[in-house]
Amino acid sequence: MLFTFILIDKPDTAALRQRMRPAHKDYLATMADRIAFAGPLTHDDGQTMLGSLLVIDFPSRDAAQAWMAQEPFTLAGLYASMSVHAFVNLWPQKTGFPPSV
């Protein structure tokens with residue numbers, strides 16, 4: 001089942017986010033074949049970080065929450081709030097995706 005993580009950063013944590021980003025990306029890479037969406041949430045300028053949005057396939061909510069508990073941004077205390085919701089994707093994606101590398 002897909003689970004959506006809506007993760008909002010604490011104020012004034014841009015330096016922490018940058019410092020932890022390599023570990024965060026390495027941790028996400030371990031789930032690469034199960035990630036539907038992953039990327040930063042930004043303010044309307046498209047540059048200033050607000051948080052993260054992840055949609056990942058997990059066998060259960062417990063598995064999703066256990067994975068998030070070990071995520072480097074989580075462990076570093078980056079997030080002010082975290083919410084996890086089951087998600088059913090009913091729309092074929094056509095826009096908003098980076099080009100394949």
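For this structure, a couple of remarks:
- Proportion of all alpha-carbon pairs of region 2-87 beyond 21 Å (%): 23 percent
- Under the convention that each Lys and Arg Cβ holds +1 and each Asp and Glu Cβ holds -1, the size of the dipole of region 2-87 around its Cα centre is about 160 debye.
- Leading residue at positive end of dipole, region 2-87 (Cβ point charges), from L75, Q47, P11: L75
- A helix-only calculation puts the chain at -8500 deg cm²/dmol for mean residue ellipticity at 222 nm, using -39500 (n - 2.57) for each DSSP H run of at least four residues, averaged over all residues.
Taken together, the values in this text are just the output of simple stated rules run on the coordinates, not laboratory data. The shown structure was predicted, so the numbers you read here are calculated from the model rather than taken from an experiment. Cβ sites come from the backbone with ideal geometry, for glycine too, and all protein chains shown count toward neighbours.
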